[in-house]
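Worksheet for the structure shown next.
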Amino acid sequence: MRIRHLTILLVVASVLLSACTPSQPTNKILISGPFEPVNNDPASTGYMFTRMQILETLIDVDNQGQLIPGLASSWSNDEDFTVWTFNLRPDVYFHDGTLMTADAVYKSLSVAFGKPTPFSKDMIANMEVVSEYSIKFTLNQSYRPFPSLLSNYATAIVAPATFGKFNRIKTLIGTGPYQITHFEPPHNITTTRFDNYWGEPAVIENVEYVTGHRSETRALMVRTGQADIVYNLDPAAVSMLRTDSNVNVFSDRIPRTTLVKLNSGHPILSDVKVRQALSLAIDRKGIASGVMRISNISADQLFGPNIRDWHIRSTTDNATNTISMSDADNNPTIKNSVENGDLLLNRKKAAQLLTDAGWLVGEDGVRYKDGSPLTLDMITYANRPELITIATAIQDQWASIGVKVSVHMENVSAIPSGHADGTLQTALMARNFANIPDPLGIMLADFSSKEGGDWGPMNWQNEKVFSDLKTLSHTTDEHAYKSLISSIMQEVQQDVPLIPVMYYVQQTATSSRLRNFSFDPYERSFRVSQMRIAP
């Protein structure tokens, strides 16, 4: 019904708007997505300013998640990963014409470290300027993934003139190929090309971003020529846009996984047999194809196949980062990957595990142990509309093995709040692994102690993993490093502190006049500087 409604909307709107839509400018493109640039502070909205290529970080990330030079041309460390030196690119200018030096970087990072970041600033014992183009960090303890922290948008480098009294941001001055000409939070960012950019100059002169809250609205914008790039389209919008010859649709894997968070300290969930049973009862293939209409995104482990070293190779790894929908629908190897994967859909085994754990089926179909029913609460949130549908599907699938689940729609803050006060039992969530591109940073933060993490394990106790992760943080031998990673991830998969459900795919559409579009799987940049408008 929704597809039919959207079809009518798009057809009618296309007819009405085609006559009144002005001719598209040849030196400007418009981008729309659901992202809201709420302010000009990199600590909270830096992700938008790096995507718009206004701000840049010392470290960049390639399509495979490997660290590459950004504003730092190189970096080095001592033997135990406690002292890190970053060499800056010379001849880099801020948008106000001033030169980027180590003093400017020191000022920018000093302010950034005084605000919220996705890592603990306590690890940094000292930061000092070594020379005009060199800056050094001394850490309180060994930390191998430290450079990855400086790829986060919160650490983007801004000019000293950015700051006013009390280091409040008065105007955002970066180093990127585009500079701000107009900013109207939370709906609009307008930029123009920065001609003194240190790297390859942009071809397209002007870029505007407009927040579009509804997927249908964004689909309409690109179909009627009002937008050149639209992000985060839902399956219904994608189906409609694929029929339009003036629109190109792209589907790309991103390092984000839909997971069921478990409170491993809960009386029911403390038993690994129960956790394994819940995982085995989920029909990942059905959820992936039924909700997202993509057949090859079933998650059989925490990290997807695009996160190298940390993903255990399995038969679910047949797809590349860019997904062809026709291939996903027609290739039986991909479509049947869940049945051949590491997390088999096996409700018979799931039921047996629950029986072995002492949970027996009662007359009402619910399992009981010592007179208590096997009932659980699951919370999820509305920020990602597919989550409630997935949660409902899991509710039905767990009911088939005698587990009664109550699903509650909450604010997204209910997950970290429930983790902190211990009331959370289970939660369906989408975990972004791109904020810190080195998975070791994520694992050390969330998997190295019983405290876990807001978006990671909860009350999970596994001394082997805890110990191995701490060893990993200062391991220098690459063979030993990769071997230890494999051991850790196999242990995590077997002990089930979290239940992976689905890997994420980003759906993007562009107008046919746009050339050289490419999607950044780590969502750091819209990459407009590489694009051009067809003559």
| Does THR190 satisfy being surrounded by 18 or more Cβ atoms within 10 Å (Cβ to Cβ), polar (S, T, N, Q), within 25 Å of GLU36 (Cβ to Cβ) and touching an Asp or Glu at 6+ places or on another chain (Cβ under 9 Å)? | yes
| field | Selection from the stretch 74-100 of residues that are of a type in the set (S, T, N, Q) and within 17 Å of THR155 (Cβ to Cβ) | value | THR85, ASN87
| message | Contact list please: Cβ distance under 8 Å, first residue in the stretch 224-243 and among the hydrophobic types (A, V, I, L, M, F, W, C), second residue crowded, with 23+ Cβ neighbours inside 10 Å and assigned to a loop (DSSP other than H, G, I, E, B), pairs at least six apart or on different chains. | response | ALA227/GLY212; ILE229/PHE526; VAL230/GLY212; LEU241/LEU233
| query | Do you know which residues across the stretch 276-305 are within 17 Å of ALA391 (Cα to Cα), surrounded by fewer than 24 Cβ atoms within 10 Å (Cβ to Cβ) and at pLDDT below 95? | reply | LYS285, GLY286, ILE287, SER289, GLY290, VAL291, MET292, ARG293
| query | Out of (1) crowded, with 21+ Cβ neighbours inside 10 Å; (2) out of contact with any Ser or Thr (no Cβ under 8 Å at 6 or more places or on another chain); (3) not charged (D, E, K, R), the odd one out for SER151 is which? | reply | (2)
| task | With a cut-off of at least 2 residues that are within 29 Å of ASN383 (Cβ to Cβ) and of a type in the set (S, T, N, Q), name the helices (runs of 4 or more DSSP H) lying wholly within the stretch 126-244. | result | 215-223
| Criterion violated by ALA237 - all others in (1) at pLDDT 95 or above; (2) farther than 30 Å from PHE81 by Cβ; (3) crowded, with 23+ Cβ neighbours inside 10 Å; (4) in contact with an Asp or Glu (Cβ under 7 Å, 6 or more places away or on another chain) satisfied | (1)
| task | Identify, by number, the condition in (1) at positive phi; (2) within 15 Å of the chain's Cα centre (by Cα) that GLY422 doesn't meet. | result | (2)
| Just a yes or no: is a residue in the stretch 262-274 closer than 21 Å to MET429 by Cβ, part of a strand (DSSP E or B) and either at pLDDT 95 or above or acidic (Asp, Glu) (or both)? | yes
| message | Tell me whether the stretch 65-83 contains one or more residues that are free of Cβ contacts under 8 Å to residues at least 24 places away in the same chain, farther than 25 Å from SER473 by Cβ and either among the basic types (Lys, Arg) or surrounded by 14 or more Cβ atoms within 10 Å (Cβ to Cβ) (or both). | response | yes
| remark: Filtering the stretch 161-199 down to residues that are within 15 Å of ASN40 (Cα to Cα) and of a type in the set (Asp, Glu) yields GLU184
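The values are calculated or read from the model by the stated rules, or taken from the named source; none is laboratory data. Every value quoted in this text rests on a predicted model; they were computed, and no experiment measured them. In this analysis, Cβ positions are derived from the backbone assuming ideal geometry, glycine residues included, and neighbour counts consider all displayed protein chains.
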